[in-house]
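Okay, structure first, notes after.
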Amino acid sequence: MPKHHNSQHTFARSTRFAGKGLHTGKHCNVTLNPAGPNTGIVFRRTDLDGALVPAHIRYAQKLIRCSGLMKDGATIRTCEHLLAALYGCGIDNALVDMDAEEVPIFDGSAASLMAKMATAGKVAQDAPRSIIKITEPLESRDKERFVRITPAETPSIDLTLTLRHFGSIGWTGPLDREAFEREIAPARTFAPMRHALPMKLLSLITFQPVARGLRLDNVLLFAKGRVWNPGGLRFPDELPRHRVLDIIGDLRLSAADVIGKITAFRSSHALNQDLVRKILDT
């Protein structure tokens, strides 16, 4: 059995965890199971007769403030943190059982998910890891907002956000798995305090699940340049670091390691997903 880092990997054994979703507020039991080579990441809705939803861009859905998947009426909501955590753990193949539509949010980071995954261990498989090396510049844009990827020997990112009272803030660094675990995985999801109540009202008006499970222990809430969560920030630039986490999770919808330099300005899940489509169409 191959042991080098370019081999595909899966879990050595199954592991279980449970929690509530950020947007639905509903409890979900999750079991991460080993899967064979070239399976990829596949979600299985155990509450819907075992409906299978592959984590691939062809099944991506535009959902409010999260990434989602849908196949044959079965939905997976807020999958980006789990997909990023699987990347950080070096897992290429897994069957993810869920008995509700939304992945638990826990503390809003990928580190909490990686800690749970670590209990399952991992094994190398007799198949090479899928790698896409960018050979030409590609860009997804919406007015001034954009996500661009250009050829490079190693994966990296230069990301910038603009937020009221914070101004222009960013993070630049490598996107390899070691750097992800250390620099990106602990960064938590965030939202302006002024959006918290409107998001909950939007959920009631539209009957769409938005921020129903939002709490101070799972989302960084900020107002007037100050974070209101007990304990404050884990990094001075935690907000842009989390946006990098989202990009990594969305890139996993390519079902491959993507090698290139990403430059992003005010990125979004929609822009990330559009870039993945362009990468796979090239």
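Computed from the coordinates by the stated procedures, all read-outs in this text should not be read as laboratory data. Not measured: the values here are computed from a predicted model. FYI the Cβ positions are ideal-geometry reconstructions off the backbone, even for glycines, and counts take in every protein chain you see.
Take the alpha carbon gyration tensor of region 127-185, find the square roots of its eigenvalues, order them as a ≥ b ≥ c, and report rounded if a/c is under 1.5; if not, report prolate when a/b exceeds b/c, else oblate.
Values: a/c = 2.90, a/b = 1.39, b/c = 2.09.
Here region 127-185 falls in the oblate category.
What spacing in nm lies between the two simple spin-label points modelled at Thr150 and Leu233, each 7 Å away from Cα in the Cβ direction?
2.7
Through the Karplus equation 6.51 cos²θ - 1.76 cosθ + 1.60, θ set to phi - 60°, convert the phi angles of region 158-164 into ³J(HN,Hα) values in whole Hz; use x for Gly and Pro.
Once rounded to whole Hz, the list reads 10, 10, 10, 10, 10, 10, 4.
If you bin every alpha carbon distance in region 7-128 into 10 Å steps from zero, what whole percent lands in each bin?
All Cα pairs, binned at 10 Å, distribute as 14, 49, 33, 4 percent.
Just from its helices, what would the mean residue ellipticity at 222 nm be for the chain, if runs of 4 or more DSSP H residues each count -39500 (n - 2.57) and the sum is divided by every residue, rounded to the nearest 500 deg cm²/dmol?
Details: 5 runs with 59 residues, N = 282.
After summing the helix terms and dividing by the residues of the chain, the value is -6500 deg cm²/dmol.
With springs only between Cα atoms under 10 Å apart, run a GNM on the chain and tell me which of Ala115, Ala74, Ala60 wobbles the most.
Between Ala115, Ala74, Ala60, it is Ala115 that shows the largest mean-square fluctuation.
How large is Rg/Rh for the chain, to two decimals, with Cα atoms and a Kirkwood Rh? Don't jump to the answer; show the numbers that get you there.
On the way: Rg = 17.9 Å, Rh = 19.0 Å.
Result for the chain is an Rg/Rh of 0.94.
Can you work out ³J(HN,Hα) from phi for every residue in region 209-217, in order, using Karplus 6.51 cos²θ - 1.76 cosθ + 1.60 and θ = phi - 60°, giving whole Hz and x for Gly and Pro?
x, 9, 6, 5, x, 5, 8, 5, 9
Where the convex hull is taken over the Cα atoms of region 142-278, what is its projected area averaged over directions, in nm²? Present the calculation step by step, with values, prior to reporting the outcome.
Details: hull surface 36.9 nm².
About 9.2 nm², averaged over all directions.
Exposed loop GluC sites (Glu not before Pro) only (DSSP loop, at most 10 other Cβ atoms within 10 Å): please give the longest stretch of the chain free of them, not including the sites.
On the way: sites that count: Glu144, Glu153.
It works out to 1-143.
So what's the net charge close to Leu271: Lys and Arg +1, Asp and Glu -1, counting the other residues with Cβ under 12 Å from its Cβ?
Values: positive: Lys62, Arg141, Lys143, Arg145, Arg148, Arg243, Arg266, Arg277, Lys278; negative: Glu139, Asp142, Glu144, Asp246, Asp250, Asp274.
Once all neighbours under 12 Å are counted, the net charge is +3.
Report the antiparallel proportion of the DSSP beta bridges in the chain as a percent, rounded to a multiple of 5.
Values: 47 of 65 bridges.
If I count the DSSP bridges inside the chain, around 70 percent turn out antiparallel.
Quick one: which residues, 5+ away or cross-chain, put their amide H under 5 Å from the amide H of Ala55? H built at 1.01 Å from N.
Those lying under 5 Å, H to H, from Ala55 are Ile41, Val42, Phe43.
Please check: in the Gaussian network model of the chain (C-alpha springs, under 10 Å), which one of Asp158, Asp142, Asp107 has the largest mean-square fluctuation.
Per the Cα network of the chain with a 10 Å cutoff, Asp142 tops the list.
Any idea how many Lys pairs in region 1-107 come in under 30 angstrom at the alpha carbon, given 8 or more places apart or on separate chains? Provide the component values of the computation, followed by the final result.
Details: Lys20/Lys62; Lys20/Lys71; Lys26/Lys62; Lys26/Lys71; Lys62/Lys71.
Counting lysine pairs in region 1-107 gives 5.
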